[in-house]
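In what follows, a single structure is set out as structure tokens and then discussed.
The values are calculated or read from the model by the stated rules, or taken from the named source; none is laboratory data. This structure is a prediction, so every number in the text was calculated from the model and none was measured. Using ideal geometry, Cβ is built from the backbone for each residue, glycine included, and neighbour counts are taken over all protein chains shown. All accessible areas refer to the heavy atoms of the entire protein, side chains included, with ligands and DNA or RNA removed. Shrake-Rupley method; radii C 1.70, N 1.55, O 1.52, S 1.80 Å.
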Amino acid sequence: IEIYSLRVDCRVTSRFAHTVITSKIANRANESREATFEVELPKTAFISNFSMSIDGKVYPGIIKEKASAQQQYDAAVSQGQSAGLVKITGRKLEQFQVSVSIAAGSKVTFELTYEELLKRQLGKYELLLKVRPQQLVQHFQMDVHIFEPQGIRFLETDSTFLTNELTEALTKVQNKTKAHILFKPTIDQQKNPDAGETLLNGDFIVRYDVERHETAGDIQIVNGYFVHYFAPHEMPVLPKNVVFVIDRSGSMAGRKIEQTRDALLKILQDLRAEDRFSFITFNSKVSKWRSSLLEATAENVASATAFVQTLSASGGTDIHGALLQAVVTLHSAEALPTRSVSMIILLTDGQPTSGETKVEVIQENIQKAIGGKFALFCLGFGFDVSYKFLEKMALSNGGLARRIYENADAALQLQGFYQEVATPILMQIEMQYPENGIEGLTKNNFKMFFEGSEIVVSGKISNELDLLPVEIKAQSHTSDLTLKEEANIKEKEQVFQNQSYIFGNFIERLWAYLTIQQLLEKSISAPTAQQKALEAQALELSLRFGFVTPLTSLLVTKPTEQLQAELANKPSEAG
């Protein structure tokens, strides 16, 4: 079985990435063989198309509601189910795999399309492409086209497998708003000189950021849909009041508690003088390091450093008691700056085993106690945590959940997370648009904005408007801000009209992608009755735009004599 051509074609238009992977395989044997198509794609992406053509006959993938796809699948596969086609493989990726039997001398072409909105983190966007053909490929080519009307501020490529030889196969062409990255190694360049097999195995990453001149962000419009990007910078940092809630139960013993200590020591060094902080540690007992929040003076940081170095692990897990104590610490804190951001950062590696152990009760009590006053971030260490529980608790309280992988770099993962939330520069952000002029507006109120990230709002503009006025209200460290901007709809539409390679409805698809992501996120923390309505909305959009989301499945049809159909479902971090 020979992969004679493999193409990756990725077009990023204003942060929205559209990637098509085409693999052409020939059976050079004199009997029929299995041809396998395997692609790793980002967990944040939605598959939007798949097809397979064998000797010119096309077998399209069909995107359906999960339940009805399952019925069709069960009917087709009465002789027991075959494994699902998509599984999580690592921190950022999931793998899509399809096999089909092809006759001697036959050829098959597989084509997979997926789409995602690149998210700005720590001042840059990251496009991750996984390269793993597992054999030498005669025609191998990767193209990444980027078009950013705001202007590209910097662009870099990075790879885990590029040798000096392979670097020669990489070219970058860039002007103010466009970039084209081409990677086209010959068979000789792909070859590992010692072992003769392929060197192409690993991550190919493009990182970039855009220019930002407008204070009220940047508005882009295509076919009546708009997207508004807002990422202020160089603003004074809001002081933060942060309580670290650290699990020191028995399961944290050994490497995990060591890595936690290492990360906390680094984080303590990163606190600003105007920040206030405290620690609560817990096993079956909950212990406070100090009775109240302390300012991050050199002296207090030194004494916290000494305390962190003594952390050891044993006993059970009273998550409920520890979080309630953190809430009390923040509520009873005195003389906090009026303009400051309060947060709890929980790190745990297990399920609640002491004190209150029913997750529903814990979630309810914590949400009541916090009362929308501050954000809760939950970090789940390893795979023994109930991620679903942590995620629901964080999203119900204006924060987010992250999994920390038990690897050598766990301390770096913890620090990396802290860096993302370390510099809040705005709070209570409201993005306002003409009320009767916009339909289907995505989330437009945000509790806080962290330096290096980005707020994205999208919606559909009603036909009557010629101008789209926007107003942003927010609180900064020093004042209340009101930023205004007016976009000329015709002029804005013009920007994309002469870009031939852009798929024409990309802002509409970006809007759908963002809306589905937000509906699914909202449904995690919503009461059951509301959950159904949110999921129904997300399902309708997933089907209308042909996205494989947690509510839809991709039904892969095959030639009649083979196992009739296979299902691809999107896996979730919560498992």
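Highest mean packing first, where packing is the average number of other Cβ atoms within 10 Å per residue, the peptides 532-541, 136-145 line up as 136-145, 532-541. Checking every one of the trypsin sites (Lys or Arg not before Pro) in segment 146-195 against DSSP loop status and a limit of 14 other Cβ atoms within 10 Å picks out 176.
Taking the centroid of alpha carbons for each part, segment 392-436 and segment 293-369 are 17 Å apart.
Here residue 1 and residue 92 are evaluated by their C-beta separation; at R0 = 30 Å the FRET efficiency comes out at 0.55. Seen from residue 545, the other residues with C-beta closer than 15 Å to its C-beta sum to a net charge of 0, counting Lys and Arg as +1 and Asp and Glu as -1.
Calculated on the alpha-carbon coordinates, the convex hull of segment 240-422 measures out at 98 cubic angstrom per residue. Charge tally for residue 143 (other residues, Cβ to Cβ under 14 Å; Lys, Arg +1; Asp, Glu -1): +4. For segment 240-422, the carbon plus sulfur part of the accessible surface works out to 49%, probe radius 1.4 Å.
Summary of packing: across the peptides 115-122, 334-341, the per-residue average of other C-beta atoms within 10 Å ranks them, highest first, as 115-122, 334-341.
Where only DSSP H runs of four or more residues are counted, the chain gives -7500 deg cm²/dmol as its mean residue ellipticity at 222 nm, each run worth -39500 (n - 2.57). The 3J(HN,Hα) values that the Karplus relation (6.51, -1.76, 1.60; θ = phi - 60°) gives for segment 457-466 are, in residue order, 10, 9, x, 10, 8, 6, 4, 5, 6, 9 Hz. Gly and Pro appear as x. For segment 274-402, the relative contact order comes to 21 percent (Cα pairs under 8 Å, sequence separation of at least 6). For residue 238, nonlocal amide neighbours, meaning residues 5 or more places apart or on other chains whose placed amide H falls under 5 Å from its own, are 425. Across segment 214-219, computed HN-Hα scalar couplings (Karplus, 6.51 cos²θ - 1.76 cosθ + 1.60, θ = phi - 60°) run 7, 6, 8, x, 10, 10 Hz from first to last residue, x flagging Gly and Pro. 3J(HN,Hα) couplings calculated from phi for segment 237-245 with the Karplus curve 6.51 cos²θ - 1.76 cosθ + 1.60 (θ = phi - 60°) are, in sequence order, 7, 6, x, 10, 10, 10, 10, 8, 10 Hz; Gly and Pro show x. Per residue, the accessible area of the chain comes to 43 Å², computed with a 1.4 Å probe over protein heavy atoms only.
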